[in-house]
Amino acid sequence: MSAAAPPGWPPADEEPYTGPPPTGPYGAPRYVPGALHGMHPAPGPVPWPLGPVPLQPGPHTVPPGAPRTLPPVPAPGVEPWQLAPPDRWPAPGPVHPPPGLRWEPPPGTPPHDEPVEYLQVMRTRDWRWWRPLLGLFLFTVVYLVATVLVFLAGFAVGLFPDPTTIDPTDLTDPGLLLLTNVSLMVAIPCVWLAWAAAHGKAIDWSSSVLARLRWRLLAPYTLMALPTLGLAIAASLGLYVLVEGWEVTGPVPGYGWLLLVVVLTTPLQSAAEEYLFRGYLSQAVAAWVGRPRAGAVVAGVLTAALFSAAHLPPDVWSFLDRFAFGLAASAVVWLTGGLEAAIVLHAVNNVVVFTLAGGLGEGVATDAVPAGTGVVVVLVDLLAMGGYVALVARSRRRLRPELLTAALDLRGPSPRGVPGPPPGIGYGVTRRREAQHGPWGMG
């Protein structure tokens, strides 16, 4: 017989149990002889479906090698490393990586230590002078291959049954205009490839300081371009008809197809030219110059000259007209921090030109300034483009386009020991810029 149980305890087993442990419901504690009714504590942690539950101090067993005390829990606002003794805290100052390694910012970290303008976007932390050259080389090779494939596909599908009858200057032909626009549209993915391969950055850094196209700005800028540039183009074509005696024969054959091609592909063709000239080329030139104002001027003049020359102008007045157009496009890019205003300017110009030229007939040329009217045409275009630039500049306080990129200063303390901006935000530079140029960078 076993000894009597203490007062208030249930009676102990009369005889010790020596058989196999009985089974119980799923999740129930294992049976331990001498622990009937759940009153006697079992050695070890209690099984739990979600893992072992730490028990209060008592006669529990601890697995070999396990800590006998629970780790301290940091209070709110206390970093886990601060729970260690002070002599083991990390030393103040920048933490350097082990030899042979370097820190890599997490994905989504801005690539600039200070906010920069659109034309200085290429000058990132890993800027190297040869990166734009590599990007231009990749662009040229891929674009030439893509253009050849586009024209071969156009001939293969029968777009031009007789290639010998093609007049490359007659862009009122729907098939030729479609083929020309598509061959130019492929420049957009080629520019993106240059950004990704040569710079290792997001492809939309070629669009704006937000690394994306700001769609909200397209409609307001279109309403500014139509009454300025659109009316000027209509006046110029009317001048050609009245002064030069151009013959108005009515809509060209297939005018409905021409309108469809113009509406669906001409805006993308215009955007492609802007991504190349006011985008990648201007950013490369300005990055090489380094200084923002000087880089903007040099990039504007150089890319305007290249843009005009790429259109193969037949006379000096046509060259000057397209050169002025390039300067106006560069001006609105600098004023707005992205390509949206320049794309709208280019698209409205081309859509209006092709629509009116196709409606007036084949006797109206679109590739040259008529002889004897060069000065008048250039002056009219200058007034129209100047009016558009003035409207864009005036609308900045209402539309509030972003002018500076996001930035995160990862350079650490300065050599003189002056601490930089708080880690993770970089507000020091931003506040200084706001004090000089206003909250949106507009002085």
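The values are calculated or read from the model by the stated rules, or taken from the named source; none is laboratory data. Remember, it's a predicted structure, so these values are computed and weren't measured experimentally. In this analysis, Cβ positions are derived from the backbone assuming ideal geometry, glycine residues included, and neighbour counts consider all displayed protein chains.
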What do you reckon, is L312 surrounded by fewer than 17 Cβ atoms within 10 Å (Cβ to Cβ) and either assigned to a helix (DSSP H, G or I) or of a type in the set (F, W, Y) (or both)?
-> no
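Which one of L268, L242 is within 20 Å of the chain's Cα centre (by Cα) and of a type outside the set (K, R)? Show your work before the answer.
On the way: L242 fails: within 20 Å of the chain's Cα centre (by Cα).
Just one listed residue meets the conditions, L268.
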Answer yes or no: is there a residue in region 117-130 that is surrounded by 18 or more Cβ atoms within 10 Å (Cβ to Cβ), of a type in the set (S, T, N, Q), farther than 25 Å from V252 by Cβ and touching a strand residue (DSSP E or B) at 6+ places or on another chain (Cβ under 9 Å).
-> no
Here are some residues: A235, A197. Which one is over 23 Å from the mean Cα position of the chain (by Cα) and surrounded by fewer than 17 Cβ atoms within 10 Å (Cβ to Cβ)?
-> A235
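Only one of P174, P220, P115 is over 26 Å from T355 (Cβ atoms), in contact (Cβ under 8 Å) with a residue 12 or more places away in the chain and not hydrophobic (A, V, I, L, M, F, W, C); which?
Values: P174 fails: over 26 Å from T355 (Cβ atoms); P220 fails: over 26 Å from T355 (Cβ atoms).
P115 is the lone residue from the list that is over 26 Å from T355 (Cβ atoms), in contact (Cβ under 8 Å) with a residue 12 or more places away in the chain and not hydrophobic (A, V, I, L, M, F, W, C).
Might you let me know whether region 45-54 holds any residue that is surrounded by 12 or more Cβ atoms within 10 Å (Cβ to Cβ) and either in a helix (DSSP H, G or I) or modelled with pLDDT of 60 or more (or both)?
So far as region 45-54 goes, no, none of its residues is surrounded by 12 or more Cβ atoms within 10 Å (Cβ to Cβ) and either in a helix (DSSP H, G or I) or modelled with pLDDT of 60 or more (or both).
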Take T147 and decide whether it is over 23 Å from L345 (Cβ atoms) and in contact with a Ser or Thr (Cβ under 9 Å, 6 or more places away or on another chain).
-> yes
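With respect to G158, determine if the residue is outside any helix (DSSP H, G or I) and small (G, A, S).
Details: outside any helix (DSSP H, G or I): yes; small (G, A, S): yes.
Answer is yes for this residue.
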